[in-house]
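Take a look at the structure set out below.
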């Protein structure tokens, strides 16, 4: 009962923060660890079809400005995976954590251009390659390595120190050609869990 009350208080605080920054270009998310039984069947079925060898992924409900989604996290072949589904259990994208050395040259160039133009100092915190597409195309990509219908992007989280001396956590989304698609500030919220 106490856990439910704490979860409700946490959600109220979270949605209060959203109201305060509803018009900002901020990324506000809150992850709550959930049981597999709380996840839509469609999400579990897709994950089992695409990643037959994983044992027990950790499931999260991710709350954000416009609603919520489900996320499965697991480690496979030495890499951290994050698979996001919408509130109905439809696959949205698959993200795999990579190192800066694994970024294509075009993306490294685009990232360096952004960081040198906007910040006097920066520190990269996390890089993920992001795959999206139709559910069958994504499943074929992970089952058969077929690139047909797959959109590849790169999500990069970094701390940037601007000319005024303010340091903030940012997320940049880049195309596979290194073009900046979107940049937004990450607003950290109280959380019951760590990323992994």
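Each value in this text was obtained by applying a stated rule to the coordinates, not by laboratory testing. Remember, it's a predicted structure, so these values are computed and weren't measured experimentally. So basically every Cβ, Gly included, is an ideal-geometry build from the backbone, and we count neighbours across all protein chains shown.
Below, the figures for the structure above:
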item	result
Added length on full extension, which subtracts the Cα-Cα distance from 0.36 nm per residue, residue 99 to residue 80	5.7 nm
Ranking of 183, 177 by count of other Cβ atoms within 10 Å, fewest first	177, 183
Relative exposure of 82, 122, 116, judged by other C-beta atoms within 10 Å (fewest first)	116, 122, 82
For the stretch 28-114, average projected area of the Cα convex hull in nm²	7.1
Estimated FRET transfer efficiency when R0 is 25 angstrom, pair residue 162-residue 125 (beta carbons, to 0.05)	0.90
Ascending count of other beta-carbon atoms within 10 Å, so fewest first, for 37, 109	37, 109
Per residue, the convex hull volume that the Cα atoms of the stretch 2-187 enclose (Å³)	141
